[in-house]
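Participant: Okay, handing you the structure first.
The values are calculated or read from the model by the stated rules, or taken from the named source; none is laboratory data. These numbers were taken from a predicted model, which means no experiment stands behind them. Ideal geometry is used to build each Cβ from the backbone, glycine not excepted, and the neighbour counts take in all protein chains shown.
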Amino acid sequence: MPEAIKPVYLANPAVDPVAIRIEGRASFQNSACLQEFFSELIARGKSRFLIDFSGCSGMDSTFLGVLAGAALQLRKLSPAGQLTLTRVGPRNLELVRNLGLHRLLTVDSTDTAADLAGAAKSISCEGRTELESAKMVLQAHESLVAADETNRAKFEDVLSFLRKRVDEDKPVG
């Protein structure tokens, strides 16, 4: 398996907030495991997450859409949950702001590090079919549009392509 698609997330689900640190590039190739991790922990009652970007060398729109989806899920909880980004470098912060995600989640301006002591584990990705990957990427981009309607124009072509791809595999009946 090429190095680029290996998981780049370390997590400590035993602390509050749940601590996650990104190591390397966060992209469509490794975002599915993070999406599953969020869903699983939210289903188990976790509602606060802290993501440390100090080791993040870059990110793409799918990863940002996974963050938006998690933040939207957390907002629906009662009381509302919280997704906080910390130690976000200038380029990554620019990407977060350009997509309007700073209005949906919290960007911590301090130098708070994620608490990975003791229970840190790598969030691993299982193999996915091409269709499962297309559905995940589509959902991530739909979350970006839900987070900020101005993102629709930015991702119109991607959304159209992915919807077509996903619809091709739906049974006719």
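Participant: Quick check: is even one residue across segment 71-81 under 22 Å from Glu126 (Cβ atoms) and either modelled with pLDDT under 95 or not polar (S, T, N, Q) (or both)?
Facilitator: No, because not a single residue in segment 71-81 is under 22 Å from Glu126 (Cβ atoms) and either modelled with pLDDT under 95 or not polar (S, T, N, Q) (or both).
Participant: Could you please give the count of residues in segment 62-76 that are more than 17 Å from Asp108 (Cβ to Cβ), in contact with a helix residue (DSSP H, G or I) (Cβ under 8 Å, 6 or more places away or on another chain) and surrounded by fewer than 21 Cβ atoms within 10 Å (Cβ to Cβ)?
Facilitator: Within segment 62-76, residues that are more than 17 Å from Asp108 (Cβ to Cβ), in contact with a helix residue (DSSP H, G or I) (Cβ under 8 Å, 6 or more places away or on another chain) and surrounded by fewer than 21 Cβ atoms within 10 Å (Cβ to Cβ) number 2.
Participant: Within segment 90-101, can you find the residues that are exposed (fewer than 13 other Cβ atoms within 10 Å of the Cβ) and touching a residue at least 12 places away in the same chain (Cβ under 8 Å)?
Facilitator: Arg91
Participant: Sticking with this one: Has segment 77-87 got at least one residue that is closer than 18 Å to Ala32 by Cα and surrounded by 17 or more Cβ atoms within 10 Å (Cβ to Cβ)?
Facilitator: Within segment 77-87 (the criterion being closer than 18 Å to Ala32 by Cα and surrounded by 17 or more Cβ atoms within 10 Å (Cβ to Cβ)), the answer is yes, since at least one residue qualifies.
Participant: Pick from Ser160, Ser124, Ser143: which is closer than 25 Å to Leu10 by Cα and surrounded by fewer than 19 Cβ atoms within 10 Å (Cβ to Cβ)?
Facilitator: From the options Ser160, Ser124, Ser143, the qualifying one is Ser124.
Participant: Looking at segment 122-140, is at least one residue among the hydrophobic types (A, V, I, L, M, F, W, C), in contact (Cβ under 8 Å) with a residue 12 or more places away in the chain and assigned to a loop (DSSP other than H, G, I, E, B)?
Facilitator: Checked against the condition, which is being among the hydrophobic types (A, V, I, L, M, F, W, C), in contact (Cβ under 8 Å) with a residue 12 or more places away in the chain and assigned to a loop (DSSP other than H, G, I, E, B), segment 122-140 yields at least one hit.
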